[in-house]
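The values are calculated or read from the model by the stated rules, or taken from the named source; none is laboratory data. Keep in mind the model is a prediction, meaning the values are calculated, not measured. Cβ placement follows ideal geometry from the backbone for every residue including glycine, while neighbour counts extend to all protein chains displayed. Heavy atoms of the whole protein, side chains included, go into the accessibility calculation; ligands, DNA and RNA do not. Shrake-Rupley method; radii C 1.70, N 1.55, O 1.52, S 1.80 Å.
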Amino acid sequence: MEMFPAAAIISLLIYLLYKFLYRKSDDNCYLLGYQCYKAPDELKANAGTSAKIALRNKNLGLEEYRFLVRTMIRSGIGEETYIPRNFLEGREASPTLQDSLDEMTDATFSNLDALFATSAVRPCQIDILVTTGSLFAPVPSLSSRIVHRYKMKEGIKCFSLTGMGCSSSVIAVDLVRQTFRTRPNSFAVVVAVELTAPNWYTGQDRSMMLSNVLFRAGGSSLLLTNHPSWKERAIMKMEAVVRNHVSTDEAYGCAIHVEDEQGYPGARLTKSLPTVAMRALEGNLRVLLPKVLPLWEILRFVVARASYRWRIKKGGDDDSKPPPPVMNMRTGIQHFCLHTGGRAVIDGFEKSFGLREYDMEPSRMTLHRFGNTSCSSLWYVLGYMEAKKRLKRGDSVMMVGLGAGFLCNTCVWTVMKDLEDGNVWADCVHRYPPQTVGNRTAEILSWIFDDCMSFINFKDYDRALLFSR
């Protein structure tokens with residue numbers, strides 16, 4: 001009888017240890033591979049093509065065109081991004097359902113074919129499927145089309161996310177991670193694709209014209225597992241996820257799909273978007289960074305912050321205030337995958353968090369080569385890092401997704417092995433970074449700023465004659 005309490009305590013400790021280890025194993029989420037879509041070369045949109053498409057909008061006047069051209073010049077988007085076929089055929093203002101289905105099919109199935117071909121996992125082994133895309137919701141759903149095409153198992157668990165904008169691929173991966181906790185030894189696929197074919201804006205609201213400049217065709221597919229025996233085959237392991245939702249009126253309205261005053265639908269991106277994005281990211285990082293940075297950096301920041309507040313409280317002219325201290329994220333994170341939302345967002349992230357040009361290069365180069373591919377953009381950025389052979393075993397990679405709502409979602413991965421696949425960048429990475437990041441829009445459309453253009457009624461003039469100047 002005297003041994004019973006000791007045996008009970010030992011049994012309890014063993015049980016608690018088992019539960020702890022079992023719970024830790026439930027949190028495993030390994031990335032086995034990923035693919036990014038690269039459209040055929042015939043769908044490339046250089047500055048000349050983009051200019052022709054812009055000039056076809058007969059609802060715009062001279063000042064709207066000048067605004068659009070200035071935006072194109074400053075966009076950071078290069079000469080080799082991809083657009084849907086109906087844009088090239090002059091039907092951007094009147095897309096058909098088939099245009100949308102064709103773009104979705106091309107971006108999705110070519111990626112998945114390559115994903116399964118380069119892995120040892122067959123479609124019939126997939127237990128979880130998550131698809132995400134905000135502005136097109138076909139019936140049957142994209143997930144159903146994937147299950148049908150690849151003859152996946154009837155018991156597969158499918159999720160279709162929509163309306164979450166450019167940050168939704170991080171949400172999709174987190175959904176897989178959460179589902180893994182109740183489905184051990186499972187495989188999951190995430191498909192992120194945002195369609196541009198049905199979403200060309202034909203009105204003259206300047207805050208809605210921006211989407212025509214920024215967004216381009218693209219898509220990505222991921223293969224994940226929580227199976228312990230597949231750990232050695234994984235390329236990355238998820239370590240932490242933080243999601244937050246800023247719901248102020250300003251945040252809610254800074255990125256929203258609406259109709260303008262003339263009834264033309266489109267995505268409105270307001271001037272407050274970069275500011276809202278940085279505020280949302282600051283709140284997110286206050287939760288994320290203590291989980292991933294070393295203790296000594298957190299203590300250093302706490303001391304520096306207290307010292308800063310004491311100095312400010314002691315007084316002094318407001319104009320002489322020193323900048324507030326920031327955490328040195330590079331002490332625990334080696335690589336930064338920032339959503340390619342535009343130059344202003346990337347520049348704001350670099351300035352606000354004291355990062356280097358080297359840290360921002362992958363996002364800037366992705367914006368230049370592929371444009372803003374919305375929810376799939378983070379994986380193009382990761383692909384650039386891999387193609388440049390930056391990702392080494394043990395490195396930490398932080399992904400930052402920003403989207404309508406306003407949503408800010410971040411996650412941190414650990415690299416499991418040295419990565420050096422050229423992936424979607426294989427044929428062009430040797431040209432990056434270029435000496436200058438820009439396009440030929442200023443060269444092609446400089447005449448639009450001539451004083452003599454003020455005497456032309458754009459709405460009645462033949463745009464083809466203007467472009468042939």
For this session: Please work out which one of (1) touching a Phe, Trp or Tyr at 6+ places or on another chain (Cβ under 8 Å); (2) small (Gly, Ala, Ser); (3) open to solvent by 40 Å² or more (accessible area, probe 1.4 Å) is the condition ALA192 fails and give its number.
Result: (3)
Problem set entry | Options VAL424, VAL412, VAL397, VAL381: the member that is modelled with pLDDT of 95 or more, in contact with a Cys (Cβ under 7 Å, 6 or more places away or on another chain) and farther than 30 Å from ASN199 by Cα | VAL397
Exercise. Do we have SER119 as touching a helix residue (DSSP H, G or I) at 6+ places or on another chain (Cβ under 6 Å), of a type in the set (S, T, N, Q), open to solvent by 20 Å² or more (accessible area, probe 1.4 Å) and part of a loop (DSSP other than H, G, I, E, B) here?
Worked result: no
Exercise. How many residues, within the range 130-152, are within 20 Å of VAL173 (Cβ to Cβ), over 19 Å from the mean Cα position of the chain (by Cα) and of a type in the set (A, V, I, L, M)?
Worked result: 4
For this session: Go through ARG268, ARG279 for me and flag whichever is surrounded by 16 or more Cβ atoms within 10 Å (Cβ to Cβ), touching a residue at least 60 places away in the same chain (Cβ under 8 Å) and among the basic types (Lys, Arg).
Result: ARG268
Exercise. How about the range 171-287: which strands (runs of 3 or more DSSP E) wholly inside it have at least 3 residues that are under 21 Å from the mean Cα position of the chain (by Cα) and more than 30 Å from GLN98 (Cα to Cα)?
Worked result: 236-245
Problem set entry | Options ILE73, ILE126, ILE77: the member that is in contact (Cβ under 8 Å) with a residue 40 or more places away in the chain, under 30 Å from GLN435 (Cα atoms), open to solvent by less than 50 Å² (accessible area, probe 1.4 Å) and among the β-branched types (Val, Ile, Thr) | ILE77
